[in-house]
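Visitor: One structure is given below, represented as structure tokens, and several questions about it will come after.
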Amino acid sequence: MKSQLSREKKASSALLFAIIGWLVASFSPAFAITGERSSQDVPKVKSSAQGFLPSTNLAKATNRLTTPNKFQIQLAVPESHRNAVTELNGTPVTNVKNLTIPVQKAQAIANPAPTTSESPDSSVAEESMDQITNVSQLSDVKPSDWAYSALRELVERYGCISGYPDGFFRGNRSLSRYEFAAGVNSCLKQIERLLPSRPQEGASQQDLESLRRLTQEFQAELTALSTRTDKLEGRTQLLENRQFSTTTKLFGQVVFGVQGHTSNRADLIPVDGVKESNDPFTAINLVSAAQLSLFTQLTERSILLTGLAAGSGFTGSLYNTYTSLAYESNTNEAVSISDLTYRQLIGNNFAFIVGAVGVSPVNVFRGANRIESAGSGSLSRFAQRNPIINMGSGGGVGFDWQTSPNISLQGVYSASQISASSGGGVFGGTNGETALGAQLNIAPADNFDVALHYINAYSPFGRLGTNVGDDLVAFPTFDPNTGQQRAPLQTNAYGASMEWRISPEFTFGGWGGYTNSVMPGSGGNVETINWMAFMNFPDLFGEGNLGGLYVGQPPRISSSNLTTGRNVPGFFANFLGEPGARPGTTTHVEAFYRMKISDNISITPGAIVIFAPGQTSTSDTITIGVLRTTFVF
């Protein structure tokens, strides 16, 4: 027997199991274990072939939660990236021991790695094999086959073999000595398990001698299998210790918008009841914006975000901060860096962000309105979020802290010219704008979110930095020391936002904001108020679609008693800049319907009506028609 096996490197599967069947039959002539398996019968191995899946903790550190105020910590990402970061989500690989597959028995076992002298048959690994309990389940095995009785013993009494998923045994397929050794090893372990439980049946000296000879014949192969198993365990342990590889993914969003607004005349300056100004920006035009984002996972719990942006075109109007659209990003087609930030999750409840570009309340605070997005949400800039959250931009640092399952706190500091060595810097300098803010999120119920905002901001140019409504609140004058038009302004901004998801198909929400600004060294202050109420209709007329209706008042100067010459309402009234408030109240009405064309394309038609633009009741109403097309990839 030994000489024959030594000469033959390959044998048929039927021959293998005929030999093993004769051997194991000697040890238990009439004891069946059909359908039973011990834990030793189905050992597990760790898979080194399974690719790394990014941790969901990382994803939560870089994207808004489905329920923004609850559950686990995360840092928000810029609105143009929010669809992209979901691509990084995956099942966390926290323990490679969980990535296990059963070792297939006998014929089903995968080939060991080939040696220089042998190349295992690749067909063995083509399919995994299913355990069978009756030899009749093997379609190509017949009672007339010479190995039938041996196969029946192995299948029905010992469970040593398996069949292919298609129900075939493939007994004529050749196999290597390694496969033969694996089959022998599987059935020998079965014998070792059965012997202690059946001492009365015993084994003859001749049987034990046959078992010894068979073991010796394949000692080299069995040792090699053991060595490879040890190496596999070592490699798996290495994977457990190093179960991360740096991964960079590219995502993008491109928006094309066709829009135009009605002809109108404005009572611009002086505000005296006479419409003296024609709006020259009424032509239908095309606005485009592109955003490319590189997400690099440096570790399982950290990410580097690099964003590039370019755009062309703008809507334009005599009241630009009232009519501007969310996707306007006119860089004259020049590419600019929109984000350069590092984000790190510490523990399970705290994360921070630091960067030279892209650190602001918009990118750190969690938003109550879940559809907030320039590419797939509401159309206008005003309808995106509470305008006071727009205050602050540039580089800085921020954090997100989940204090409890229903409460979270975010904080941020940003400086608009953080990289400038002259006139700017980390603390703003003479020409830089700064913002220090915090937001408290509370979720009293699973379908109800409330966010409270506070921002302290400084601008040397008399503006809030909201870019919406009355953004300029102190009129600049020439400063001979700097040679610039300046109006140093310190602002405290307060706001609240809420969203109530009444049903999966209907959401109601809104916000309110108040600012109080002073000019250091001068008397008086200036106040603004804004509010919005909205209704969203997810999956309206189809899955992935969205309808929205928004009604609100953009920021309005409700009171201004700064030094004469600095008050914006007074300047527009009679050029004197005397104390006072805006004479009218603007009302913003917006409706849109986003249609999902595919997973990567959406089209959003909509209309925006602005009553009393510029907080001036005597100016004509402006109606804007929009058709936005968004591509994400």
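Visitor: Open to solvent by 10 Å² or more (accessible area, probe 1.4 Å) and either within 21 Å of the chain's Cα centre (by Cα) or at pLDDT 95 or above (or both): does that describe Pro387?
Guide: When the stated conditions are applied, Pro387 does not pass them.
Visitor: So Ile418 clears everything in (1) closer than 19 Å to Ala457 by Cα; (2) of a type outside the set (Ser, Thr, Tyr); (3) open to solvent by less than 10 Å² (accessible area, probe 1.4 Å) except one condition, right? Which one?
Guide: Failed condition: (3).
Visitor: Yes or no: Tyr550 within 41 Å of the chain's Cα centre (by Cα), of a type in the set (Ser, Thr, Tyr) and open to solvent by less than 10 Å² (accessible area, probe 1.4 Å)?
Guide: Here the answer is yes, as Tyr550 does meet what is asked.
Visitor: While we're here: Say we look at segment 467-478 and pick out the residues that are touching a strand residue (DSSP E or B) at 6+ places or on another chain (Cβ under 6 Å) and part of a loop (DSSP other than H, G, I, E, B); which of these is modelled with the lowest pLDDT?
Guide: Pro476
Visitor: Name the residue, out of Asp599, Asp620, that is in a loop (DSSP other than H, G, I, E, B) and open to solvent by less than 50 Å² (accessible area, probe 1.4 Å).
Guide: Asp620
Visitor: For segment 492-503, indicate whether the set of residues that are in contact with a Phe, Trp or Tyr (Cβ under 8 Å, 6 or more places away or on another chain), open to solvent by 60 Å² or more (accessible area, probe 1.4 Å), assigned to a strand (DSSP E or B) and without any contact (Cβ under 8 Å) to a residue 60 or more places away in the chain is non-empty.
Guide: Checking segment 492-503: at least one residue is in contact with a Phe, Trp or Tyr (Cβ under 8 Å, 6 or more places away or on another chain), open to solvent by 60 Å² or more (accessible area, probe 1.4 Å), assigned to a strand (DSSP E or B) and without any contact (Cβ under 8 Å) to a residue 60 or more places away in the chain.
Visitor: Continuing with this model, one more query. Kindly indicate the residue of segment 240-263 that is open to solvent by 60 Å² or more (accessible area, probe 1.4 Å), outside any loop (DSSP other than H, G, I, E, B) and of a type outside the set (Phe, Trp, Tyr) and also modelled with the lowest pLDDT among those meeting that condition.
Guide: Among those that are open to solvent by 60 Å² or more (accessible area, probe 1.4 Å), outside any loop (DSSP other than H, G, I, E, B) and of a type outside the set (Phe, Trp, Tyr), it is Asn241.
Visitor: While we're looking at this one, here's another question. Out of everything in segment 283-314 that is of a type outside the set (Ser, Thr, Tyr), touching a helix residue (DSSP H, G or I) at 6+ places or on another chain (Cβ under 9 Å) and open to solvent by less than 40 Å² (accessible area, probe 1.4 Å), what residue ends up being nearest to Ala326 (Cα to Cα)?
Guide: Ala289
Visitor: From the list Gly483, Gly428, pick out the single residue that is at positive phi and either of a type in the set (Val, Ile, Thr) or surrounded by 17 or more Cβ atoms within 10 Å (Cβ to Cβ) (or both).
Guide: From the options Gly483, Gly428, the qualifying one is Gly428.
Visitor: Okay, next question. Return the residues of segment 314-348 that are within 29 Å of Thr299 (Cα to Cα) and charged (D, E, K, R); say none if nothing qualifies.
Guide: Hits for segment 314-348 are Asp339, Arg343.
The values are calculated or read from the model by the stated rules, or taken from the named source; none is laboratory data. All of these numbers come straight from a predicted model, not from anything done at the bench. Glycine also receives a Cβ, built like all others from the backbone with ideal geometry; neighbour counts cover every protein chain displayed. Accessible surface is based on the protein model in full, side chains and every heavy atom, while ligands, DNA and RNA are left aside. Shrake-Rupley method; radii C 1.70, N 1.55, O 1.52, S 1.80 Å.
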